[in-house]
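A quick write-up on the structure given underneath.
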Amino acid sequence: MPWLINVNHTNFPAVAALGDLRFQMGNIRPVETDDATDNWSSLGSDQRGWTKHHLVPWNTLKNIMNRALLDLQDNKDDKLWSGIKKAAYVGGNGGANQAPLGAATKYLKGIVIPLPLPGAAALAMENNGQPYMPAAHWDAINGLASNFCWMPGNFFLGPTPGSRLDDPGNDGFDTPPMGKGNTLGLKLKDLYDYAESQDWPKVNKCLDGIFKEGVAKKGKVINYLNTDWNISNVGFANFFKKKLA
């Protein structure tokens, strides 16, 4: 359960009201989903062996999830959370994970954290300092994080990061080569821009548009052609840069 961390705004572990305990995403990128693994390239394809590149980087997706988690806990507001569920799963609303996600949502809205031990030292803590949450809720939220982080439509295939001259890494929107992605790519760029400016109502509108575009459906990963990349030979190695027009 390493992806969710506790945030306490009163210098935890000092004694504090239970409402001061809040759950958020950690800094470890969620594991790749089966759908993502199965939808990149087939044996014999020119794309085989090339890597997946986030358009909207994981750090930005994490920030969106954390805003949604805090909205649930602080304001009992699930609008952004519902948008993430729609965009992240095939079929929307959590897919097969809908029931456990619903239970986890109710838990977060109520922040009913049982005290497993007597006394102030047990302030909702167990397992070497992890705040207590039922395992089913951890699993449901982590599953949502995986499906949001690994939405097939949020990727294009290309050379490994070490051989690209224009890979922005963990920060910055990574535009697909030759403007591929059509309206979906434009909506993902809007999602990135609004999230970076923390305009959460517009982020939620973007999530709805992304869901309608089919970002969570199989087969939507943006393909590449060899002609989409400029190739420069440096020493004995090839380095790549996207063509954007």
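Would you tally the residues in the range 178-195 being in contact (Cβ under 8 Å) with a residue 60 or more places away in the chain and buried (at least 16 other Cβ atoms within 10 Å of the Cβ)?
Quick first cut of the range 178-195, residues in contact (Cβ under 8 Å) with a residue 60 or more places away in the chain only: 178-179, 181, 185, 188-189, 191-192, 195.
After this cut, where a residue has to be buried (at least 16 other Cβ atoms within 10 Å of the Cβ) as well, the list is 178, 181, 185, 188-189, 191-192, 195.
Qualifying residue count for the region: 8.
State all residues of the range 227-245 that are touching a residue at least 40 places away in the same chain (Cβ under 8 Å), assigned to a strand (DSSP E or B) and not basic (K, R); if no residue qualifies, say none.
Matches in the range 227-245: W229, S232, A237, N238, F239, F240.
Output the number of residues of the range 138-172 satisfying the condition of being in contact with a helix residue (DSSP H, G or I) (Cβ under 7 Å, 6 or more places away or on another chain) and over 21 Å from V31 (Cα atoms).
1
Condition check ((1) surrounded by 17 or more Cβ atoms within 10 Å (Cβ to Cβ); (2) at pLDDT 80 or above) across all residues:
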residue	(1), (2)
W58	yes, yes
I64	yes, yes
A68	yes, yes
N93	no, no
G102	no, yes
E126	no, no
H137	yes, yes
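Among the residues of the range 38-51, is there at least one that is modelled with pLDDT of 85 or more and open to solvent by 10 Å² or more (accessible area, probe 1.4 Å)? Give the derivation first.
First pass over the range 38-51, keeping only residues modelled with pLDDT of 85 or more: none.
Checked against the condition, which is being modelled with pLDDT of 85 or more and open to solvent by 10 Å² or more (accessible area, probe 1.4 Å), the range 38-51 yields no hits at all.
Return yes or no: is N75 open to solvent by 50 Å² or more (accessible area, probe 1.4 Å) and either among the polar types (S, T, N, Q) or touching a Lys or Arg at 6+ places or on another chain (Cβ under 6 Å) (or both)? Let's see the steps before the verdict.
Numbers: open to solvent by 50 Å² or more (accessible area, probe 1.4 Å): yes; either among the polar types (S, T, N, Q) or touching a Lys or Arg at 6+ places or on another chain (Cβ under 6 Å) (or both): yes.
When the stated conditions are applied, N75 passes them.
So the check is Cβ under 6 Å with 6+ separation or different chains; which pairs have a first residue in the range 158-177 that's over 17 Å from A245 (Cβ atoms) and a second one that's of a type in the set (D, E) and assigned to a loop (DSSP other than H, G, I, E, B)?
The qualifying pairs are P161/D167; P168/D174.
Results for (1) among the polar types (S, T, N, Q); (2) part of a loop (DSSP other than H, G, I, E, B); (3) within 17 Å of W58 (Cβ to Cβ), shown as yes or no for each residue.
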site	(1), (2), (3)
A136	no, no, no
G143	no, no, yes
D167	no, yes, yes
K187	no, no, no
D193	no, no, yes
P201	no, no, no
L207	no, no, yes
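Is it the case that the range 213-222 has a residue that's at pLDDT below 85, closer than 24 Å to A99 by Cβ and exposed (fewer than 14 other Cβ atoms within 10 Å of the Cβ)?
Within the range 213-222, one or more residues are at pLDDT below 85, closer than 24 Å to A99 by Cβ and exposed (fewer than 14 other Cβ atoms within 10 Å of the Cβ).
Which condition number in (1) part of a helix (DSSP H, G or I); (2) modelled with pLDDT of 75 or more; (3) not hydroxyl-bearing (S, T, Y) is the one that E32 fails?
Status for E32: all satisfied but (1).
The values are calculated or read from the model by the stated rules, or taken from the named source; none is laboratory data. No experiment lies behind these values; they were computed from the predicted model shown. Quick reminder, even Gly has a Cβ in these numbers, built from the backbone with ideal geometry, and neighbours come from all protein chains shown. Surface areas here come from the heavy atoms of the whole protein model, side chains and all, with no ligands, DNA or RNA. Shrake-Rupley method; radii C 1.70, N 1.55, O 1.52, S 1.80 Å.
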